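The values are calculated or read from the model by the stated rules, or taken from the named source; none is laboratory data. Source: prediction; values computed, not measured. Methodologically, a virtual Cβ is constructed for each residue, glycine included, from the backbone with ideal geometry; neighbour enumeration extends over all protein chains shown.
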Amino acid sequence: MNENQFGDRVRHILNQGLELDSAAAERLRLARERALEHQRPEPAPALRWADNVLGNLGGWSGVSLRLLLPAALLVAGLLTLYTWQQNRQIAELEEIDTLLLTDELPIDAYLDRGFQDWLKKRAAEQ
Amino acid sequence: MASRSELEAFLIGVERRAFKQAVFAVRDQDAALDIVQDAMLRLAEKYGHRPVSELPLLFHRIVQNAIRDYFRRQKVRSLWTTLLSSLAPGRGEDDDSDPLDSLHAAGGAHPGEQPGEQLERTQVLEIIEQEITRLPERQREAFLMRYWNELNVAETALAMRCSEGSVKTHCSRAVHALAAALKARGIEL
């Protein structure tokens, strides 16, 4: 006898033992009635699509692991990059300000039109 | 989507087998009833809108999860019980009664069946149920899903969250262990 034949015989015998005492049968009936009262209604078409996607991803727990976690990591990474770039820009501006303020040439000189013309002329000559 | 009547018909078809399956696993009739009750409720609440064809796999998965949750809770409870019983004089572990004994395993008498035949049938059923209870958990799950609930290998693998190869291995081992145990008790199927 192969495995399938053995399984069929056991199924046949086990099915003969499905009679339950009245208390257990009644509890099962009540549980079934209660479950049917809580049957989830069919979702709206848009929600149905989202629900199928969720179902394919393994429900909400699957989503949290496969979708939300990488998304959270991506957002955290982007935020870190943005903050780092902002700090670098501020540091560069601070450096320019320091150079300007510590230079011997007064800062007003850069606003003088004649001085700018002179700088251009010098650059052209060189 | 499964209509109310389709869901009801599905539940009527599986509830007793699910109950017995839970009894084989937890060996407690009340706990098994709780497990099936929770599983039916969860199926209806969360997947009641799914097509009928998807229900068997979903239901068996929920039942297996509910059985595992039961064992997890038992583990925590037994830890506290052990701690507390060490402080107070408790009952010894002399209760040898088998929960399966309390089940009405006999079933209805078949028409025209002699009392002797009925007795033999009842005894064979009891012995098979006892031996199924003794199988390792994963083997029992695979065997019952494949051969009693008639899920195919792929569906059983999905419900058990393992590979199809593992299902085949579990089933094969279960069949051989069960056949050997029955033979040892003088039963040839």
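Structure data summary
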read-out	value
Selected residue [among the acidic types (Asp, Glu) and touching a residue at least 40 places away in the same chain (Cβ under 8 Å)] from B:Glu150, B:Glu126, B:Glu164, B:Glu131	B:Glu131
The stretch B:40-89, residues that are within 21 Å of B:Cys162 (Cα to Cα) and among the hydrophobic types (A, V, I, L, M, F, W, C)	B:Leu55, B:Leu57, B:Leu58, B:Phe59, B:Ile62, B:Val63, B:Ala66, B:Ile67, B:Phe71
Residues that are within 11 Å of chain A (Cβ to nearest Cβ) and either in a helix (DSSP H, G or I) or at pLDDT 95 or above (or both), drawn from the stretch B:173-189	B:Arg173, B:Ala174, B:Val175, B:His176, B:Leu178, B:Ala179, B:Leu182
Restricting the stretch B:30-60 to residues that are within 11 Å of chain A (Cβ to nearest Cβ) and more than 20 Å from B:Ala9 (Cβ to Cβ), the residue that is surrounded by the fewest Cβ atoms within 10 Å (Cβ to Cβ)	B:Asp30
Subset of the stretch B:138-158 (residues that are touching a Pro at 6+ places or on another chain (Cβ under 9 Å) and either on the phi < 0 side of the Ramachandran plot or part of a helix (DSSP H, G or I) (or both))	B:Asn149, B:Leu151, B:Glu155
Single residue of the stretch B:4-29 satisfying the filter (more than 9 Å from chain A (Cβ to nearest Cβ) and free of Cβ contacts under 8 Å to residues at least 40 places away in the same chain) that is nearest to B:Leu144 (Cα to Cα)	B:Gly13
So B:His170, is it surrounded by fewer than 16 Cβ atoms within 10 Å (Cβ to Cβ) and part of a helix (DSSP H, G or I)	no
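Okay, residues lined up against (1) under 19 Å from A:Gly17 (Cα atoms); (2) at pLDDT 80 or above; (3) over 17 Å from the mean Cα position of the chain (by Cα); (4) of a type in the set (A, V, I, L, M):
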residue	(1), (2), (3), (4)
B:Ser102	yes, no, no, no
B:Ala109	yes, no, yes, yes
B:Glu117	yes, no, yes, no
B:Thr133	yes, yes, no, no
B:Met145	yes, yes, no, yes
B:Asn152	no, yes, yes, no
B:His170	no, yes, no, no
